[in-house]
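Here's the structure we're looking at; comments come further down.
The values are calculated or read from the model by the stated rules, or taken from the named source; none is laboratory data. What you see is a predicted model, and the numbers here were worked out from it, not measured in a lab. Don't worry about glycine lacking a Cβ; one is built from the backbone with ideal geometry, like all the others, and counts go over all protein chains shown. Quick note on the areas: whole protein, heavy atoms, side chains included, nothing else; ligands and nucleic acids left out. Shrake-Rupley method; radii C 1.70, N 1.55, O 1.52, S 1.80 Å.
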Amino acid sequence: MGLELLSDLRTCVVPEAFLLFTTRAEIRSISLGTNSNDVAIPLSGVKEASALDFDVAENRIFWTDVNTKTISRAFMNGSGVEAVIEFGLDYPEGMAVDWMGRNIYWADTGTNRIEVARLDGQYRQVLVCKDLDNPRSLALDPANGYMYWTEWGGRPRIACAHMDGTNIITLVDKVGRANGLTIDYVDQRLYWTDLDTCMIESTNMQGLQREIVADDLPHPFGLTQYRDFIYWTDWNLRSIERADKRSGQNRTLVQGQLEYVMDILVFHSSRQDGSNQCSHNNGHCAHLCLASPSGAQCRCASHYTLQPDGHNCSSPSSFLLFSQKSSISRMVLGEQSPDMILPIHVMRNLRAISFDPLKRFIYWIDGKQSIRKARDDGSQAATVVSPGPTQPLKQPHDLSLDAFSRTVYWTCENTNTINVQRMDGQIIGEVVRDDVDKPRAIVVNAEKGYMYFTTLQDRSAKIEGASLDGTERESLFTTGLIRPVALALDNKLGKLFWVDADLKRIESSDLSGANRIVLQDSNILQPIGLTVLGDHLYWIDKQQQMIERVDKRSGDKRTRIQGRIQSLTGIHAVELMETDEFSSHPCSRDNGGCSHICIAKGDGTPRCSCPIHLVLLQNLLSCGDPPTCSADHFTCATGEIDCIPMAWRCDGIAECADHSDEMNCPVCSEQQFQCHGGQCLDVKLRCNGEQDCTDGSDEHDCHTICMPNQFRCKNNKCISKKQQCDSYPDCSDDSDELFCDFPPPSGDERHTNTIGPVIGIILSVFVLGGMCFVCQRVVCRRYKGPSGGFPHDYITGTAHVPLNFISTNNTQHANCTGISCGKSIVSSVSLMGSSSSGAPLYDRNHVTGASSSSSSSTKAAFYPQILNPPPSPATDRSLYNTEVFYSSNSPSTTRSYRPYVMRGGAPPTTPCSTDVCDSDYTPSRWKSNKYYMEVNWDSEPCPPPPTPRSHYLSAEESCPPSPSTERSYFHLCPPPPSPCTDSS
């Protein structure tokens with residue numbers, strides 16, 4: 001490509017000059033030396049080419065495409081096609097190459113801007129964006145430092161400015177829609193076509209000496225100049241023609257039968273001759289070297305600032321990022337170019353954006369399954385979160401960054417989780433999973449080690465907060481919300497902001513949830529993003545296609561920042577982080593030494609934590625797999641204790657060393673009452689006159705608790721109304737039986753109620769009298785001894801020595817010191833003794849001693865049933881200094897549980913004490929040092945504790961006496977055995 005065959009049909013030569021022109025979908029060339037037919041340059045991807053220019057030095061051509069909205073380049077042979085500018089273009093219809101400064105300029109009718117960039121597209125800068133009205137054609141004079149353009153707006157004109165965008169003036173004002181702007185660098189004249197007057201005109205470079213070159217043309221459009229001729233295209237004649245550049249005479253048809261030739265130029269070295277200060281080493285400029293009449297000027301890319309040395313550039317320190325469906329833009333307030341689309345490739349529909357102020361990467365949710373990042377110039381693009389073949393389908397909804405620990409927090413719509421991932425793509429895990437309250441919008445307060453997020457249910461929403469590891473979760477707002485779609489945070493002001501898309505309202509509060517106020521609730525149609533920058537709160541409205549702001553404290557001074565922005569999806573404020581600010585954070589250095597999650601504590605030290613599928617190991621730095629606890633046990637997050645009974649979970653007392661058993665306590669069910677400390681109790685225990693919550697909150701505000709069918713005692717206990725005035729006090733203060741007016745009984749009823757008790761009393765007297773007579777006259781006479789008393793053979797005893805019915809022969813002795821070690825009090829009870837041996841029911845040898853042994857004699861023995869063994873609350877403290885250990889034998893645990901020491905607590909009483917089974921001493925209600933312990937006397941190796949007379953438990957003395965000690969035992973039934981009797 002580039003060679004042409006001469007008329008002898010044998011010789012190939014490089015033509016002196018090419019005539020290049022565009023016919024929308026093609027770019028074609030005609031040799032001016034051989035007058036051969038036009039040839040299409042084999043370019044790919046051309047849809048609707050508009051403006052055209054070339055670079056002789058690299059033998060490239062450049063063109064704009066109003067269909068693909070790009071500026072591309074390729075070599076003259078059609079190879080090396082690449083997009084130079086592919087973002088932020090709308091209708092680029094004017095374009096020119098600065099061959100001296102190696103820059104490319106273009107005019108965009110859609111955006112009303114004139115911009116510049118390096119020939120490879122880098123360091124893009126907006127030169128003119130104000131007072132432009134449909135800029136169209138563009139021409140450059142780099143040798144003198146001027147640029148020229150035409151405008152087709154309400155007041156068409158030809159304007160001029162320095163090539164750095166300064167000193168804009170109107171060169172020609174009385175003109176129609178001028179197009180095809182061309183410079184004759186030899187004669188220093190400016191040529192153009194006028195679509196309204198159908199003429200070709202020219203002036204000098206100052207806009208003077210205006211002349212008509214050709215008139216009465218059907219529809220002239222494109223124009224170029226080469227040597228003594230001008231070439232133009234005519235849409236009506238569908239042709240390319242040539243004429244003398246001064247007089248317009250000698251019109252010649254160059255090519256006919258051409259449809260809609262948009263632009264035309266001559267490719268020849270004479271059109272790009274000369275040099276300036278920018279031609280050598282880019283004028284020592286870091287970004288752009290732009291020509292001007294006073295010499296070369298160093299300029300920076302949009303939003304970058306030229307340093308005092310006049311050569312280098314600094315990135316912006318404070319700006320806004322906002323996203324549209326397929327692009328990300330940056331806005332620096334106060335700049336002449338308020339926004340700039342960044343050259344970042346978005347794969348799919350963009351949803352949310354964030355920024356890393358340390359490494360200066362932009363993060364965004366790309367489509368429905370990935371999170372990507374890139375620099376603001378589009379370089380170093382990478383995927384942070386991507387769908388994996390073995391992972392469940394991810395659907396990111398929102399994201400927020402922790403720049404100090406270098407992590408990304410993001411919510412997932414599919415799994416209803418909050419996930420943590422390192423900025424390099426390494427997965428950390430989930431910190432919140434909730435299928436009921438589904439996490440959606442999120443903002444991280446890394447300085448405080450905290451995060452805020454919205455949760456949605458079917459018909460309600462919440463704003464919640466939690467530590468960065470998902471613990472200490474709390475609800476800040478549960479009312480006055482329908483669909484909060486965005487959160488924003490101002491840590492310096494200590495404010496949290498949110499916007500509700502259904503209520504169309506913007507609100508704020510303190511970080512604790514206090515001082516909630518409405519900032520704005522009028523003329524908001526479809527808010528979808530919120531952010532804070534400086535003293536203002538910014539939001540985007542998708543339906544109104546605009547960015548607005550208000551004062552972040554009062555909500556006043558509402559201002560429209562930018563309009564006509566289609567398909568808005570997100571907004572994020574950026575303030576770059578100082579090095580000192582970063583290094584002072586406890587998690588900035590090596591993630592605080594943590595293997596997974598680092599959280600800043602209030603004292604400026606790091607706290608390590610783990611995602612929900614791991615637990616913190618004993619070094620408090622690394623995370624590992626949790627211990628395998630049985631289903632009825634809770635797994636502690638850290639510490640030496642691994643598993644505790646599930647009943648201890650959220651009981652208001654921390655058994656785990658890290659208090660994880662008291663964190664994230666679940667909401668109690670409808671049949672339960674939740675204590676202020678998080679403990680769940682049966683709702684029936686609420687306001688029962690006893691403190692069942694460790695903090696006593698179950699007995700608070702009880703005056704409003706009793707149901708309509710209940711009576712409230714004076715001590716706030718609730719009883720059934722049927723129990724009121726039933727002649728039995730159900731309230732402990734007897735208030736249910738006060739002020740009861742019982743109706744007097746009728747005459748018959750009074751007579752009946754009187755006769756019944758009288759008859760009963762009379763019969764009882766006769767029965768008791770008869771029994772006494774029989775006992776004295778018959779029974780007692782049979783057992784009467786010589787001295788008139790009971791024989792000593794059967795009943796005898798010394799002081800404090802109880803009776804015993806168990807033979808001391810053939811016994812297995814048990815130690816009665818301290819806590820008895822027998823299996824149970826009575827292993828078997830016989831109401832009928834065997835009489836096969838013919839021995840009497842009581843034997844002298846069995847009655848005359850107090851023994852702690854248990855009998856294995858073959859003689860018949862009577863074992864009375866023990867209903868109420870004596871209580872033991874007054875035993876000696878020294879007898880209970882032993883440690884009671886708890887261990888699990890569950891086959892699902894990988895190791896035994898840690899010992900739990902019972903310190904300073906007395907053991908429980910026997911299951912049925914002499915207090916007639918007082919409910920306060922049941923095993924399920926006994927607590928020691930706030931640890932619950934259930935005692936099963938049928939399975940535990942130790943019997944119930946001894947009687948209050950604990951001094952009888954020494955090894956030297958006998959066991960405690962029975963109820964009848966010093967006096968003779970006078971009873972028809974044999975006496976009960978000692979509590980220390982071994983019944984095994």
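What ranking, highest mean first, results for peptides 592-599, 357-364 when packing means the other Cβ atoms within 10 Å averaged over each residue?
592-599, 357-364
Ignoring solvent entirely, what values of log10 I(q)/I(0) come out of the Debye formula for the range 4-276 at 0.10 Å⁻¹ when each Cα is a single scatterer?
So the normalised log intensities are -0.46.
Show which aspartates and glutamates lie in cross-link reach of LYS130 when reach means a straight Cα distance below 15 angstrom and same-chain residues fewer than eight apart are skipped.
ASP108, GLU115, GLU151, ASP164, GLU335, ASP339
Between ARG505 and residues 5 or more places away or on another chain, which pairs have amide H atoms under 5 Å apart, with H built 1.01 Å from N, and which residues are they?
Under 5 Å from the amide H of ARG505: ASP500.
If packing is taken as the average number of other Cβ atoms within 10 Å across a peptide's residues, how do 445-453, 710-718 rank, most packed first?
Ranked from most to least packed, the peptides come out as 445-453, 710-718.
Between HIS676 and ASP734, what's the calculated FRET efficiency when r is the beta-carbon distance and R0 is 35 Å? Round to 0.05.
0.65
Per residue of the range 77-83, in order, report the coupling 6.51 cos²θ - 1.76 cosθ + 1.60 (Karplus, θ = phi - 60°) as ³J(HN,Hα) in whole Hz, putting x for Gly and Pro.
8, x, 8, x, 5, 8, 7
Please work out the FRET efficiency for the pair ARG238 and TYR185, using the Cβ-Cβ distance as r and a Förster radius of 25 Å; give the result to the nearest 0.05. Working shown, then result.
Values: r = 30 Å, r/R0 = 1.20.
It comes to 0.25.
Rank LYS684, LYS601 by accessible area, highest first, at a 1.4 Å probe radius?
Ranked list, largest accessible area first: LYS684, LYS601.
Step through the residues of the range 515-527 one at a time and calculate ³J(HN,Hα) from phi using the Karplus curve (6.51 cos²θ - 1.76 cosθ + 1.60, θ = phi - 60°), rounding each to whole Hz and writing x for Gly and Pro.
Per-residue couplings from phi come out as 6, 6, 9, 9, 8, 7, 9, 10, 6, 10, 9, 9, x Hz.
When the solvent-accessible surface of protein heavy atoms is calculated with a 1.4 angstrom probe, in what order do PHE221, PHE739 fall, highest first?
Values: PHE221 10, PHE739 190 Å².
Order by accessible area, largest first: PHE739, PHE221.
Given a 1.4 Å probe and the protein chains all in place, what does the accessible area of GLU690 round to, in Å² to the nearest 10?
About 80 Å², rounded to the nearest 10.
Over the range 318-616, with the other protein chains present, what is the accessible area per residue in square angstrom, probe 1.4 angstrom?
Roughly 41 Å² per residue, with all protein chains present.
Which value, in Å² and to the nearest 10, is the accessible area of CYS680 when all protein chains are kept and the probe is 1.4 Å?
Surface open to solvent at CYS680 totals about 40 Å².
Under 5 Å between amide H atoms, partner at least 5 residues away or on a different chain: which partners does ILE641 have, H built in plane at 1.01 Å?
Under 5 Å from the amide H of ILE641: ALA657.
How much of ARG649 can a 1.4 Å solvent probe reach, expressed as accessible area in Å² and rounded to 10?
ARG649 has an accessible surface of roughly 50 Å² with all protein chains in place.
Of ASP556, ASP695, ASP458, ASP402, which has the most accessible area and how do the rest follow, probe 1.4 Å?
ASP458, ASP556, ASP695, ASP402
Students often get this wrong, so check it: of LYS69/LYS557; LYS462/LYS492; LYS462/LYS495, which have C-alpha atoms separated by over 28 Å?
Distance filter (> 28 Å) returns LYS69/LYS557.
Distance between the C-alpha centers of the range 39-118 and the range 520-586? Whole Å please.
The distance from the Cα centre of the range 39-118 to that of the range 520-586 comes to 35 Å.
Please compute the modelled spin-label separation between THR478 and GLN566, points set 7 Å along Cα→Cβ, answer in nm with one decimal.
4.5
Between VAL84 and residues 5 or more places away or on another chain, which pairs have amide H atoms under 5 Å apart, with H built 1.01 Å from N, and which residues are they?
Result for VAL84 returns ILE71, SER72, ARG73.
Calculate, in nm to one decimal, what ASN349 and GLU447 gain on full extension: separation in residues at 0.36 nm each, minus their alpha carbon distance.
Difference between extended and current length: 32.1 nm.
Each residue of the range 400-407 in turn: what ³J(HN,Hα) in whole Hz from Karplus with 6.51, -1.76, 1.60 and θ = phi - 60°, glycine and Pro shown as x?
Here the 3J(HN,Hα) series is 8, 10, 10, 5, 6, 8, 6, 10 Hz.
If the chain between ASP556 and GLU690 were fully stretched, how many nm would it gain, using 0.36 nm times the residue separation less the Cα-Cα distance?
On the way: separation 134, 0.36 × 134 = 48.24 nm, distance 5.39 nm.
Separation in residues times 0.36 nm, less the Cα-Cα distance, equals 42.8 nm.
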